[in-house]
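Colleague: Here's a structure for you.
The values are calculated or read from the model by the stated rules, or taken from the named source; none is laboratory data. Here the structure is a predicted model, which means the values were calculated and not measured. Using ideal geometry, Cβ is built from the backbone for each residue, glycine included, and neighbour counts are taken over all protein chains shown. We work out accessible area using only protein heavy atoms, side chains counted, and drop any ligands, DNA or RNA first. Shrake-Rupley method; radii C 1.70, N 1.55, O 1.52, S 1.80 Å.
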Amino acid sequence: MSDPDFRIDIEEIMGTNPEEYLDITKLETGTSQARQKNVDVKEDDELVDQIRRVGGLNHAIVAEAKDDGKFEIICGQRRWGAYKILVEESEKYQNIRAKVIRRDPKLTEEEKKVISFVENYGRKKMEKSDYSDVIEYFYKKYGRSLTQAAKALGITLPAAKKYLTYARLSDRVQKCIDDKEFNIDTAIKALESLGEDEESIDDDMLISVAKALKKLIPAKRKMVIKKLRKQRPGEKDVE
């Protein structure tokens, strides 16, 4: 098991060096970033238009200097993608504003994940599965201690539980959540009421219970959950 008291000092890591402008051709993405999905940027993307309208970035990207003269993006791959599109319109987008980390030893995988996670946490366009992947990584790293995983990422235990649960649900149940048939909180309540974990529960049962709970007012929902916990119902009973 890794050190359960893992912490990072973001100010020490970032240093006091001023921001720089990096040639976009010298940047590359790594595999330790929190955001792994929905990273492609197209010409009609809202981000491209936002940068075009203000003529640059409100927030600099974060990159680590590599020994070969290139830079690995820790935060900001979508902003970089937008610049690669915008440079066709203006040479001003050939260089992107960046906060560059120059440190020996280099950042560890864990440090990169935490920095990227914190930078993206709470943004609407970041996929739930991206949050979940990072939380599950630390959950396993710390001997399946959700408390330590939450502590390492600087988030609450309920938030960590929510995303870890999402990661372990089947694709079918995840799709129901993404399609807003019910939310992750309702799915968690359904799991708890059935007395099952997310890896062994029957999908049809979980979906039926979650949909039924969604229709109820909070007070009624608590009564139903209490009743469901006493005995495992069939789908007909749930309805």
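Colleague: Of all residues in region 1-38 being surrounded by 15 or more Cβ atoms within 10 Å (Cβ to Cβ), assigned to a loop (DSSP other than H, G, I, E, B) and of a type in the set (A, V, I, L, M, F, W, C), which is modelled with the lowest pLDDT?
Modeller: Applying the filter and picking the extreme gives Ala34.
Colleague: Moving on to the next point. Filter region 96-120 for residues that are polar (S, T, N, Q) and touching a residue at least 12 places away in the same chain (Cβ under 8 Å); which is surrounded by the most Cβ atoms within 10 Å (Cβ to Cβ)?
Modeller: Result: Ser116.
Colleague: Consider region 154-165. How many of its residues are in a helix (DSSP H, G or I) and either modelled with pLDDT under 80 or hydrophobic (A, V, I, L, M, F, W, C) (or both)?
Modeller: 5
Colleague: Of Leu194, Leu216, Leu206, Leu228, which residue is modelled with pLDDT of 85 or more and over 22 Å from the mean Cα position of the chain (by Cα)? Lay out the reasoning, then the answer.
Modeller: On the way: Leu194 fails: modelled with pLDDT of 85 or more; Leu216 fails: modelled with pLDDT of 85 or more; Leu228 fails: modelled with pLDDT of 85 or more.
Within the list Leu194, Leu216, Leu206, Leu228, the selection yields Leu206.
Colleague: Among the residues of region 121-153 satisfying the criterion of being open to solvent by 70 Å² or more (accessible area, probe 1.4 Å) and under 24 Å from Glu11 (Cα atoms), which is modelled with the lowest pLDDT?
Modeller: So, considering only residues that are open to solvent by 70 Å² or more (accessible area, probe 1.4 Å) and under 24 Å from Glu11 (Cα atoms), the one modelled with the lowest pLDDT is Arg123.
Colleague: Considering region 184-213 alone, what residues qualify as being open to solvent by 70 Å² or more (accessible area, probe 1.4 Å), in a loop (DSSP other than H, G, I, E, B) and either touching a residue at least 12 places away in the same chain (Cβ under 8 Å) or touching a Leu at 6+ places or on another chain (Cβ under 8 Å) (or both)?
Modeller: Hits for region 184-213 are Asp197, Glu199.
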